[in-house]
1. Suppose the filter is in a loop (DSSP other than H, G, I, E, B), open to solvent by 10 Å² or more (accessible area, probe 1.4 Å), closer than 23 Å to residue 342 by Cβ and out of contact with any strand residue (DSSP E or B) (no Cβ under 6 Å at 6 or more places or on another chain); does residue 108 pass it?
2. For residue 338, only one of the following conditions fails: (1) in a strand (DSSP E or B); (2) open to solvent by 60 Å² or more (accessible area, probe 1.4 Å); (3) over 18 Å from residue 188 (Cα atoms). What is its number?
3. Does residue 188 meet the test of being in contact with a strand residue (DSSP E or B) (Cβ under 8 Å, 6 or more places away or on another chain) and under 26 Å from residue 266 (Cβ atoms)?
4. Looking at the range 61-77, which of its residues are of a type outside the set (Asp, Glu), loosely packed, with under 12 Cβ neighbours inside 10 Å and farther than 20 Å from residue 313 by Cβ?
5. From 283, 367, 296, 300, grab the single residue that is closer than 26 Å to residue 107 by Cβ, in contact with a Pro (Cβ under 9 Å, 6 or more places away or on another chain) and open to solvent by less than 70 Å² (accessible area, probe 1.4 Å).
6. Please give the number of the condition residue 250 fails out of (1) of a type outside the set (S, T, N, Q); (2) surrounded by fewer than 24 Cβ atoms within 10 Å (Cβ to Cβ); (3) touching a Leu at 6+ places or on another chain (Cβ under 7 Å).
7. Which count do you get for residues in the range 286-308 that are at pLDDT below 85 and of a type outside the set (Ser, Thr, Tyr)?
8. Given the criteria open to solvent by less than 20 Å² (accessible area, probe 1.4 Å), assigned to a loop (DSSP other than H, G, I, E, B) and more than 23 Å from residue 182 (Cβ to Cβ), does residue 93 qualify?
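The values are calculated or read from the model by the stated rules, or taken from the named source; none is laboratory data. Since the model is a prediction, treat every value here as computed from it, not as a measurement. Heads up, the Cβs are rebuilt from the backbone with ideal geometry, glycines too, and the neighbour counts pull from every protein chain shown. Only protein heavy atoms, including side chains, enter the accessible area calculation; ligands, DNA and RNA are left aside. Shrake-Rupley method; radii C 1.70, N 1.55, O 1.52, S 1.80 Å.
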Amino acid sequence: MKEQEFQEKLAVERREIDRIDRELLPLFLERMGCVERVGELKRQAGKPVRNAAREQEIIDRVSRQAGEMGQSAAEFYRAIMAISRDREHNLMGGDPDLLELEQRANRELQSPGKVVCQGVRGAYSHQAAERLFPGAEIGFVPEFHEVFREVSEGALGVVPVENSAAGSVTAVYDLILKYRFYIVGAVDIRVEHCLAAAAPGEITRVLSHPQALAQCSELLSREGYETEDYSNTAAAAKAVAESREPGLGVICSEDAARRYGLTILRRGVQNVRNNTTRFVAVSREAVLPVDASKISLCFSLPHTTGSLHSVLRRFAGSGLNLTKIESRPLPGRSFEYDFYLDFTGCIHDPSTLNLICALKAELPRFSFLGNYSELSTEEEI
């Protein structure tokens, strides 16, 4: 087919598509008018927005009627119904608890009485706590679950959630989903590991946190070192300093090595040069700054085909960018999961607040976990 012939035939089909679109748009607007009237009836009767049985009935019908295009037609109608539900939710006024929280929560984080992190002085968590809360009293506990226990008693907690090289800290995500405290801040800390020891001689065994060992796996494998998990990089440095065991080394920060009097054998031993760990601050009380830019949610999903895709589509439809999604198994349930999700946005924006309210009304085990700003390694408080 010659180019001119192709362009002429393409123009004909495009004009036909434009005609169909002109017919579709009034029908869409007419349908949304019906949706608004249905929403008002549900509001007056105190009925929920979603009727899953009716939605499935429509999906089944259009799938049959569309023949070989059945799956595509079903997807098209799922999108229409998601838009319709969001419109109904907006008309019904939103979740009263979330609306009240958005109005009453503090806009600024008050000076903390106590900040708690896992490990010992010199840990990367310690650096994160000092960045987030300069001048605050910082306490240390051996385990992540103890940080959350302290938060339940009124402290602020600082915990790592993700490393750019080694991935998510799943134990912390499990605790976030268990306690459902509010996230009130985040900071990225550059990770620069060294290999250190207390006693001279050849290294045969290396202690560190599992994430740090994973981040330095190339060196450890190349040298054939035996590895041993420890609760925290700085705690491992302290243990090596106290034991002075021959042949025992540690992966830790240079600050921790110096703090505990260790000899630095090698610097920059992590696999990836630009290695960063993200830390979050958790609180019993919400803080919702007017310029907050990241939102965290958690929820579970109905055990139905396309349920996650249906939820994620709504963020795209609202122009919101997802930055993190993590799934964790629900204890005692087979193949059921809680989802943790981060996206850019501000709860004080009406359209974003409306979406969060709609999701809360529809999704099991839904929790709004906070709206906050995230500091980079270069930014100052």
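1. Taking the combined requirement at face value, the residue satisfies it.
2. For residue 338, the failing item is (2).
3. Judged against the criteria, residue 188 is a match.
4. Correct list: 64, 65, 67.
5. Just one listed residue meets the conditions, 283.
6. With respect to (1) of a type outside the set (S, T, N, Q); (2) surrounded by fewer than 24 Cβ atoms within 10 Å (Cβ to Cβ); (3) touching a Leu at 6+ places or on another chain (Cβ under 7 Å), residue 250 is out only on (2).
7. Number satisfying all stated conditions: 3.
8. no
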